[in-house]
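Undergrad: Got a structure for you, questions after.
Just so it is clear, none of the values below were taken in a lab; they were calculated from the coordinates. Computed from a predicted structure; not experimentally measured. Counting neighbours? That spans all protein chains shown, and the Cβs are built from the backbone with ideal geometry, glycine included.
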């Protein structure tokens, strides 16, 4: 059995108000080159000054990822030429990062270790007239993103399956969102992932390490790694050489293509950044941030499961997103039982948003309305089916469930007196099915329930209808 | 004879109404225009007036590696020949806020890399004492301008001696403040960990006066310190009882004539009641080597931004790499290229430990040794330069050229305040006395320099108008 070894390098854009080393707005999507200044465009004589909010966010992220935050860290320059890098170097933390030694715990209980977290600045964005810079007649550069703060999170090569890498990324995103330091949006480039992978064969021989870049969705983390492991494994089996190289994921062809060999890589000539003093963080500051961290998704899920008696799967889903978990907790506050709240939110409310591929928005299904719908259903005043109809209508129109139930005449027939004649009718109309019942096929009771539902346009209480059908068939009532 | 007057005297003249501010500015502009063809001091001239303040009506010149709105800032390089400043450097702004008027941007060795202005991309400036000789550098334009009375004072920058060495060559005062006292914001970076802006003046009182105006924490420069300092307060205090070290490393290569001038200066200091102890500071012998690893390394990175993409010279070629190569090949002069290559080499992954890292460690050792001595002594003194101004083209070997900075470099490596005061003439050319103290002891070194200046007596000015020969 071939085995794979996967490590990730993740860049997360921090959602600070301003850039890392100047006071330009941190708004990447503004009109091109509008959020720029002498500092982030690398004018002569301009100097960087560290934005303290970047430090705050980095510490928050590091602590949430179980890292050790260093009281002393420093900045370095990573030198290379590219038109989106105005200074000709990127300010980063190479020798002494702000944090090390953290981990993310996967659902299996396995811990993927984080080697380090460091602060750095983003580069600008290039627009080429062709696929890439070498083939282009011309290229344009937008420096709005230049100097936007990033944290780079480097994992240890602790993952063995592409699925683990994907889970790691998703967990990481959930944590970054929970502590409100990044949008964690991969599609928009706020969270970026480079994967390092190698394959070890049955004889313990390891392939070269291949780096896969340009992975821009959680799904593709898994897809790209699956593709790459397959490619390397096949090459190894056929005795081909696997060069150490950097490859790019191409989401159109669902494959990776070679970008450059490792030998052709830059020598970045790292050295300490003389324009920035050493970053000293007081112990009290680390403590203060630690104490102010919100409950993290995993802790929350555990609490939901253990203290509130919620199903594990539901607990995980509800704890992932801050808005959703608040919605859930508010639901329990207004008297919906945790079990009902979790089931209804996960199965009904969320599927509405998913079906409409919309972001979750608590305003669309107000909790007071949800409570009404659940109460209607629990007291069997409306059917489960009708409940779906009501919640759907609430989502679409924002109308009060009471109005919807009334307008659509959805109140369930749940009194025996009105149902008995209808059940009797159904039995009279289907002698053959009655015959089957008599021969011992008890399951045909469901058929009569269906028939009754049809007659009532779904308003009959199916449980009651079933009970009555059985009683009538057995002759317990006339 | 306004050109002979100090900044302080001119301030008084304006204050009491003896002179009006426009007269002073136009006098120096006129004198500048008349002498510049001889001395080649200015890369560009301008009239940028400041606000109301004590320097009202006082013109000054700024080394052309400091940004100033409405002027070009070339840094002495072809690559920035047409670069219009995007903002105003903090130090310049402070002087404008104090009422000063900038009347010109002065010549320098390209990106401040040099000791003669011979490496300016445009032309070499001349020494007012002898037009066949260099004014020193890299702040050679500023030094020549002040020495010849074209401006009452000028700003320079000092990374390895670029204020003090030309001050020594031109017979004026050049003061490099403690690293971190003056904002570097707006100074085109050469070696960021050592670059420091400071004044070139006729006398020590003016240096202290201008120093006070440009000091201070700047929210745009993270390496500036927040510290109250007033170097005028103790300026006239006696120096009796002070203890100085004259390192043997600073005297062993002196000519007998230069040694004689130095001895006179030492005698004068002793007359003031100071003790001068000659002793060795062994680590000083590594200063030049360490400097020429660290400064080019930082420079190679600092100069990466000149790539022809966003501003400055662009030599457009078919590919991005060729555009980079050709732009930088045509835009930079040979000394700058030499240092970029040197720095790129010493920072490369293979050689980082052997060169850059080791140099950083030796730098720390030199700093330690200097600080230890300065704990028990008030200052380290010596000649500012081993020799007086050399002739154009006289030094051709880069190594000999680099040794120009042998006495001035230690202060930059350790971030110490240091000042050069004229101490006499060797074969009709001026030479300076250097005084350096511990970090933030700027008041003390200025006090010593002032005391020395008084006992030394009046120092002459060159007669540029009649041939420029003394």
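Undergrad: For segment A:416-473, take every pair of Cα atoms, bin their distances at 10 Å starting from 0, and report each bin as a whole percent.
TA: Spelled out bin by bin, segment A:416-473 gives 27, 60, 13, 0 percent.
Undergrad: Can you bin every Cα-Cα distance in segment A:9-50 into 10 Å intervals starting at zero and give me the percent of pairs per bin, rounded to whole numbers?
TA: The distribution over segment A:9-50 is 28, 50, 21, 1, given as percents.
Undergrad: Looking at segment B:1-94 from every direction and averaging, what is the projected area of its Cα convex hull in nm²?
TA: Averaged projected hull area, Cα only: 6.6 nm².
Undergrad: Taking all pairs of different Cα atoms in segment B:204-327, averaging 1/r and flipping that mean, what Kirkwood radius in angstroms comes out?
TA: 20.2
Undergrad: Let me ask something else about it. For segment A:3-284, compute Rg over Rh where Rg is the Cα radius of gyration and Rh is the Kirkwood radius from the inverse mean 1/r over Cα pairs.
TA: Ratio of gyration radius to Kirkwood radius: 0.97.
Undergrad: Using Cα centres only, tell me the gap between segment A:358-409 and segment A:272-327 in whole Å.
TA: 33
Undergrad: Taking each pair of distinct Cα atoms in segment A:261-320 once, what is the resulting Kirkwood hydrodynamic radius in Å?
TA: After inverting the pairwise mean of 1/r, the radius is 16.2 Å.
Undergrad: Mind pulling up the Rg/Rh value for segment A:294-407? Radius of gyration and Kirkwood radius, both on Cα.
TA: Rg/Rh: 0.97.
Undergrad: Share of Cα-Cα pairs in segment B:97-141 beyond 15 Å, in percent?
TA: The answer is 42 percent, as a whole percent.
Undergrad: Taking segment B:85-173 on its own, what percent of its Cα-Cα pair distances exceed 20 Å?
TA: 32
Undergrad: On C-alpha positions alone, give me the angle between the axis of helix A:445-455 and the longest principal axis of chain A, in degrees, nearest 10.
TA: That helix lies at roughly 90 degrees to the long axis.
Undergrad: Return an integer: the convex hull volume of the alpha-carbon atoms of chain B, in Å³ per residue.
TA: Cα convex hull per residue, to the nearest whole number: 132 Å³.
Undergrad: Antiparallel as a % of all DSSP beta bridges within chain B, to the nearest 5?
TA: DSSP beta bridges in chain B are roughly 70 percent antiparallel.
Undergrad: Turning to a different aspect of this structure: Taking the convex hull of the Cα atoms, report for segment A:7-77 its projected area averaged over all directions, in nm².
TA: Mean shadow area of the hull around the Cα atoms is 6.5 nm².
Undergrad: Take the Cβ-Cβ distance between residue B:226 and residue B:319 as r, set R0 to 45 Å, and report the resulting FRET efficiency rounded to the nearest 0.05.
TA: Computed FRET efficiency for residue B:226 and residue B:319: 0.40.
Undergrad: Provide the three semi-axes, in whole Å and in decreasing order, of the ellipsoid equivalent to the protein assembly as shown as defined by the square roots of 5 times the Cα gyration tensor eigenvalues.
TA: Computed over the protein assembly as shown, the values are 77, 29, 25 Å.
Undergrad: Mind jotting down the distance between the C-alpha centroids of segment B:147-219 and segment A:76-155, whole Å?
TA: Their Cα centres are 38 Å away from one another.
Undergrad: Could you check the simple spin-label distance between residue A:378 and residue A:283, using points 7 Å along Cα→Cβ, in nm with one decimal?
TA: Taking the two extended label points, one gets 5.1 nm.
Undergrad: Can you give the calculated 222 nm mean residue ellipticity of the protein assembly as shown, where each DSSP H run of n ≥ 4 adds -39,500 (n - 2.57) and the sum is split over every residue, rounded to the nearest 500 deg cm²/dmol?
TA: -11500 deg cm²/dmol
Undergrad: Roughly how many Å is it from the Cα centre of segment B:410-455 to that of segment A:55-71, as a whole number?
TA: So the two Cα centres are separated by 47 Å.
Undergrad: Taking 2.2 N^0.38 Å as the expected size of a compact globular protein, what ratio does the Cα radius of gyration of segment B:122-210 give against it, to two decimals?
TA: 1.02
Undergrad: Next question. Take the alpha-carbon positions of segment B:179-267, form their convex hull, and give its projected area averaged over all directions (one quarter of the hull surface) in nm².
TA: The Cα convex hull of segment B:179-267, projected and averaged over all directions, gives 8.5 nm².
Undergrad: Could I ask something else about it? How far is helix A:218-237 tilted off the main Cα axis of chain A, in degrees rounded to 10, range 0 to 90?
TA: So the inclination is approximately 70 degrees.
Undergrad: So, one more: Please average, across the residues of B:307-318, the number of beta carbons from any other chain that are within 10 Å of each residue's own beta carbon, and give a whole number.
TA: 3
Undergrad: Using the eigenvalues of the Cα gyration tensor, what equivalent ellipsoid semi-axes result for chain A when each is taken as the square root of five times the eigenvalue, whole Å, largest first?
TA: 57, 28, 22
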